[in-house]
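Have a look at the structure below before the remarks.
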Amino acid sequence: YGLFIGAGSVAAWVDATNDLRPDVVLLGGDQLDARMDALPEPLLRELGRLRAPLGAFAVWGNHDYGSFGRYGGRQYGAPRQDWAAKRAELEAAFARAGVTVLRDAGRALRDDAWVGGTDDLWFGKPDVTGALAGAGTRATLLVTHNPDLLPDLPRPAGLVLCGHTHGGQVRFPLLGAPVVPSRYGQRYAMGWVQGAHGTPAYVSRGLGLSGLPLRNLCEPELTLLHLNPA
């Protein structure tokens, strides 16, 4: 929400999500990409319409941190103490809208399922162990914005869900995406991949745009997964 995406687009995505009647909604980061002097009330109003009996959860991405900095008057150069204050304020606002931000923390979805979420890899200090602490014998979902964390997972998870790359956003036949914001090139650009310990992971192409208001051969994606805890 911000530079290229307005409340109308978010409203349509919320409607499409609710039409799927999901048990749980997971937002993979980069909810914000805007110069903001106040809380993003139009975004919060739309997110407040999400309906899922097991709840809605989010993690922070690198563009969210950019908004923390802009919120304090400067982009990524904002002091980290400013990030902390604005991040806490936004986390509270998201919670009032019904979206729990998981920052190196987790929640029991059911007796047999756990969801954990980590901080952003670029601007935070993601703690996978903290996100999955308390899972016990439950099946585990781990949400982390940046798939570059996958090779360094300190422990396995049942399934890791990522965003960040937008699938490269601009792709070409045979060549794929010439630019992917990952140190591993196209390895984790999109779709089913594998992390450390043989952990399966899915990298969503996401719904928004970054850098350029353009996609090519890389459709935006609202992902519906049917999961059966082992």
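Pairs linking a residue in the range 103-132 that is in a helix (DSSP H, G or I) to a residue that is basic (Lys, Arg), with Cβ atoms under 8 Å and 6 or more positions apart or on different chains, are Val128/Arg155; Thr129/Arg155; Leu132/Arg155. Of the residues screened, Leu174 is not one that is within 30 Å of Ala52 (Cα to Cα) and part of a loop (DSSP other than H, G, I, E, B). Among the residues of the range 134-163, the one identified as under 19 Å from Gly61 (Cβ atoms), crowded, with 19+ Cβ neighbours inside 10 Å and of a type in the set (D, E, K, R) is Asp148.
Look through Trp60, Trp13 and report the one residue that is under 17 Å from the mean Cα position of the chain (by Cα) and either surrounded by fewer than 15 Cβ atoms within 10 Å (Cβ to Cβ) or in a loop (DSSP other than H, G, I, E, B) (or both). Walk me through how you get there before you give the answer.
Values: Trp13 fails: either surrounded by fewer than 15 Cβ atoms within 10 Å (Cβ to Cβ) or in a loop (DSSP other than H, G, I, E, B) (or both).
Exactly one of Trp60, Trp13 is under 17 Å from the mean Cα position of the chain (by Cα) and either surrounded by fewer than 15 Cβ atoms within 10 Å (Cβ to Cβ) or in a loop (DSSP other than H, G, I, E, B) (or both), namely Trp60.
Looking at Ala95, Ala85, Ala78, which one is outside any loop (DSSP other than H, G, I, E, B), modelled with pLDDT under 95 and either touching a Phe, Trp or Tyr at 6+ places or on another chain (Cβ under 6 Å) or of a type outside the set (Val, Ile, Thr) (or both)?
Values: Ala95 fails: modelled with pLDDT under 95; Ala78 fails: outside any loop (DSSP other than H, G, I, E, B).
Going through Ala95, Ala85, Ala78 in turn, just one is outside any loop (DSSP other than H, G, I, E, B), modelled with pLDDT under 95 and either touching a Phe, Trp or Tyr at 6+ places or on another chain (Cβ under 6 Å) or of a type outside the set (Val, Ile, Thr) (or both): Ala85.
Is there any pair with a first residue in the range 42-57 that is without any contact (Cβ under 8 Å) to a residue 40 or more places away in the chain and a second that is among the hydrophobic types (A, V, I, L, M, F, W, C) and part of a loop (DSSP other than H, G, I, E, B) whose Cβ atoms are under 6 Å apart and which are 6 or more apart or on different chains, and what are they? Between residues of the range 42-57 that are without any contact (Cβ under 8 Å) to a residue 40 or more places away in the chain and residues that are among the hydrophobic types (A, V, I, L, M, F, W, C) and part of a loop (DSSP other than H, G, I, E, B), the close pairs are Ala52/Val24. Restricting attention to the range 29-41, does a residue exist that is surrounded by 16 or more Cβ atoms within 10 Å (Cβ to Cβ), in contact with a Cys (Cβ under 9 Å, 6 or more places away or on another chain), closer than 24 Å to Asn146 by Cα and not aliphatic (A, V, I, L, M)? Looking for residues that are surrounded by 16 or more Cβ atoms within 10 Å (Cβ to Cβ), in contact with a Cys (Cβ under 9 Å, 6 or more places away or on another chain), closer than 24 Å to Asn146 by Cα and not aliphatic (A, V, I, L, M), one finds at least one in the range 29-41, hence yes.
The values are calculated or read from the model by the stated rules, or taken from the named source; none is laboratory data. All values derive from a computational prediction rather than experimental measurement. Every residue, glycine as well, gets a Cβ built from its backbone with ideal geometry; the counts of neighbours run over all protein chains shown.
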